[in-house]
Amino acid sequence: MSLDDFIGKEQPKEEMHEFAGDVLDSNDVKQMEIPVIPIPAQGIIETPIQQQYVNQVIHGDCIEKMDAIPSKTVDLIVTDPPYLINYKTNHRQDKTHDFCTPIEGDTDKSLINNYIKQCWRIMKNDTAMYMFCSADKADFFKQELEKLFTVKNMIIWVKNNWTAGDLEASFGRQYEIIFLVNKGRKKINGKRIQDVWFFDRVVGNTQVHQNQKPVDLLMQCIEKHSNEGELVFDGFGGSGSTAIACLKTKRNYLLIEKEEAYVNIIQERIKKVE
């Protein structure tokens, strides 16, 4: 099924097709030796342990799959975990559409607790992580992140739309929070910018995931806190926008995605960029 056909239709359970980053099962993720894509020499990953995780999309539960990743492997994390708000859209006429189903794990605080711990473990020293969250749960995310990381910024992402909510007693919310945190201390690349960012949300036929993030926003995160050839991780792969942003900025990616339908979508999007 094509990426265009996915919107509004159920994704079939079809066999994974090959692409530059093969989908790995838990039994072979430690055994495969995958070549690094040819990119500039600066920051190239050289250790054999790291090479097998370069430019891969791993199909499965993120916590289980992260257990197999060695400590201090990744150079940057840019990630969009469940917001703990049991989100689903109410704006589609077809109520059987995937966007009308709540995200799995979107009420599970222990998932976020364990994920933050695993992120800290697999990050190298003196590296950064960007983590998206809803303003409704910012206090919880901040408390959990501060147990291990130094919070550098609560970035305000201003979108070109706003929430509905209580139309008579509350204003429409037009932003989301992005936590920038450090394990150790990671300096910013290039010019220092402000912590209010303006990027349009993904809508229409280009949207293949209900929480899909703009590639240009992710590219800004990646360019500010990593170098070409370094490894960027996202444990909730979704539509694969983090991988696309990595390819566009000459970084390597490592994604985990639980739903097979979205693994297929990620594969197809990557093939269109390569």
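The values are calculated or read from the model by the stated rules, or taken from the named source; none is laboratory data. For clarity, every value in this text was computed on a predicted model and none was experimentally measured. Here Cβ is always computed from backbone atoms with ideal geometry, including for glycine, and neighbour counts include all displayed protein chains.
A compact table of results
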{"item": "Condition met for K137 (among the charged types (D, E, K, R), assigned to a helix (DSSP H, G or I) and modelled with pLDDT under 95)", "result": "yes"}
{"item": "Hits in the stretch 145-185 (condition: assigned to a loop (DSSP other than H, G, I, E, B) and hydrophobic (A, V, I, L, M, F, W, C))", "result": "L148, F149, W162, A164, L167, A169, F171"}
{"item": "Residues being farther than 21 Å from I266 by Cβ and either of a type in the set (D, E, K, R) or under 15 Å from the mean Cα position of the chain (by Cα) (or both) - total across the stretch 191-219", "result": "4"}
{"item": "Complete set of residues in the stretch 230-254 that are farther than 23 Å from K65 by Cα and not in a helix (DSSP H, G or I)", "result": "T249, K250"}
{"item": "Extreme residue, surrounded by the most Cβ atoms within 10 Å (Cβ to Cβ), among residues of the stretch 176-191 that are among the hydrophobic types (A, V, I, L, M, F, W, C) and either within 14 Å of M131 (Cβ to Cβ) or in contact with a Pro (Cβ under 9 Å, 6 or more places away or on another chain) (or both)", "result": "V181"}
{"item": "Exclusive hit being surrounded by fewer than 21 Cβ atoms within 10 Å (Cβ to Cβ), touching a Gly at 6+ places or on another chain (Cβ under 9 Å), on the phi > 0 side of the Ramachandran plot and in contact (Cβ under 8 Å) with a residue 24 or more places away in the chain, set K224, K250", "result": "K250"}
{"item": "Odd one out for N205 among (1) buried (at least 21 other Cβ atoms within 10 Å of the Cβ); (2) touching a helix residue (DSSP H, G or I) at 6+ places or on another chain (Cβ under 8 Å); (3) assigned to a helix (DSSP H, G or I)", "result": "(1)"}
